[in-house]
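For reference, the structure is listed below as C-alpha cells.
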Amino acid sequence: MKYSLHESKARKGTLVIESHNMVELSSICDDGICLDMGHVAHAGPIRNVIEAYKGLIAAAANNRAAVAA
C-alpha cells in the first residue's frame, strides 16, 4: 500500500527525507537534521534547522566570494 508523505505524517510515521526544498520540508516535517560535510550541524525543530541550513549556505557563498577576490 502506498502512502503520501502527509498521510504518513498523519499516521505518526517516521520519515527520512533528503531535500533542498525548504517549503516542502517545512510543510511535512516537525523536526529535522542539517548535515554539513557528513556531520550533524544542527538538529531540532524544522524552522530552526532551515535557518541553520540557510546560514551554512550563506557562509559558504561568502567564503567562495572571499577566495575569488
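The values are calculated or read from the model by the stated rules, or taken from the named source; none is laboratory data. Owing to the predicted nature of the structure, the values given are computational and were not obtained by experimental measurement. Glycine also receives a Cβ, built like all others from the backbone with ideal geometry; neighbour counts cover every protein chain displayed. Surface accessibility is based on the protein's heavy atoms, side chains included, excluding ligands, DNA and RNA. Shrake-Rupley method; radii C 1.70, N 1.55, O 1.52, S 1.80 Å.
Do any residues in the stretch 33-51 that are under 15 Å from S19 (Cα atoms) have Cβ atoms under 6 Å from those of residues that are in a strand (DSSP E or B) and open to solvent by less than 50 Å² (accessible area, probe 1.4 Å), where the two are at least six apart or on different chains, and which pairs are they?
Here the result reads I46/G32; V49/G32; V49/C34, each pair linking the stretch 33-51 to a residue that is in a strand (DSSP E or B) and open to solvent by less than 50 Å² (accessible area, probe 1.4 Å).
Can you tell me which residue is farthest from H6 (Cα to Cα) among those in the stretch 18-30 that are surrounded by 12 or more Cβ atoms within 10 Å (Cβ to Cβ) and among the hydroxyl-bearing types (S, T, Y)?
Ranking the candidates gives S26 first.
Can you name the helices (runs of 4 or more DSSP H) wholly within the chain that have at least 2 residues being among the polar types (S, T, N, Q)?
Those helices (runs of 4 or more DSSP H) span 22-28, 46-68.
Look at I33 and say whether it is touching a helix residue (DSSP H, G or I) at 6+ places or on another chain (Cβ under 7 Å), open to solvent by 100 Å² or more (accessible area, probe 1.4 Å) and of a type in the set (A, V, I, L, M, F, W, C).
Details: touching a helix residue (DSSP H, G or I) at 6+ places or on another chain (Cβ under 7 Å): yes; open to solvent by 100 Å² or more (accessible area, probe 1.4 Å): yes; of a type in the set (A, V, I, L, M, F, W, C): yes.
Yes; evaluated as a whole, the condition is true for this residue.
Which one is modelled with the lowest pLDDT among residues in the stretch 36-59 that are open to solvent by 60 Å² or more (accessible area, probe 1.4 Å) and among the β-branched types (V, I, T)?
The qualifying residue modelled with the lowest pLDDT is I57.
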